[in-house]
Every structure is written in structure tokens, then in C-alpha cells.
Amino acid sequence: MVLPKPIRDRLGLRAGSDLEIEETVDGVTLKPAARRSPMIKKQRLWVHTGKVPAGFDTVQAIRDDREDRIRKLAGL
């Protein structure tokens, strides 16, 4: 399923994000699945406690995040 980028950005969704699907009388409702953050604070440091998907490129994720923040700061 493809959601428009402005909606994904507002909801903080990325590729592979889980969604809850609810059937209603009027149709279908999608919302981000309730999730616990894999980040916890240990002795004043944030630590990731979740699993990293196979093939995940940490360096590329940092680059992508940095580019997203630059675009937002630039108003793009």
C-alpha cells in the first residue's frame, strides 16, 4: 500500500511501518499501530534495544535522516 509522502511525514511513517486497519460502516480506517519505542535511557544515554532488520544500512539511514532534517529546515 502506498501513502502520500505528506501523510507519511505527518504520521512519522517509514517503509515497513505497521498500520492498524479497522473496518467501519463508511469504509476502512488506517492508523499507525501502537508501538513501544526500542529506545530506552540508560545512565543518561539513549540505547536501542530493538532488532535491526537484516541488511539494514546504518550509515545510509543516518545520511537519509540528515537529508530529511536539512530539507525540513530549508522548508522544502
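Here, each number is a calculation from the coordinates, and none is a lab measurement. Here the structure is a predicted model, which means the values were calculated and not measured. Glycine also receives a Cβ, built like all others from the backbone with ideal geometry; neighbour counts cover every protein chain displayed.
Less than 5 angstrom separates the built amide H of LEU19 from those of ALA33, all sequence-distant by 5 or more or on a different chain. Helix-only arithmetic for the chain: the sum of -39500 (n - 2.57) across DSSP H runs with n ≥ 4, divided by the residue total, places the mean residue ellipticity at 222 nm at -10000 deg cm²/dmol. In units of the rule-of-thumb radius 2.2 N^0.38 Å, the stretch 5-74 shows an alpha carbon radius of gyration of 1.43.
Relative to the current alpha-carbon distance between MET1 and SER37, full extension at 0.36 nm per residue lengthens the span by 10.6 nm. Using a cutoff of 8 angstrom between alpha carbon atoms and counting only pairs six or more residues apart, the relative contact order for the chain works out to 14 percent. Partners of LYS31 within straight-line reach, counting lysines whose Cα lies under 24 Å from its Cα and excluding those fewer than 8 residues away in the same chain: LYS5, LYS51, LYS72.
Here the peptides 40-47, 5-12 are ranked by packing, the mean other Cβ count within 10 Å, and the order with the highest first is 5-12, 40-47.
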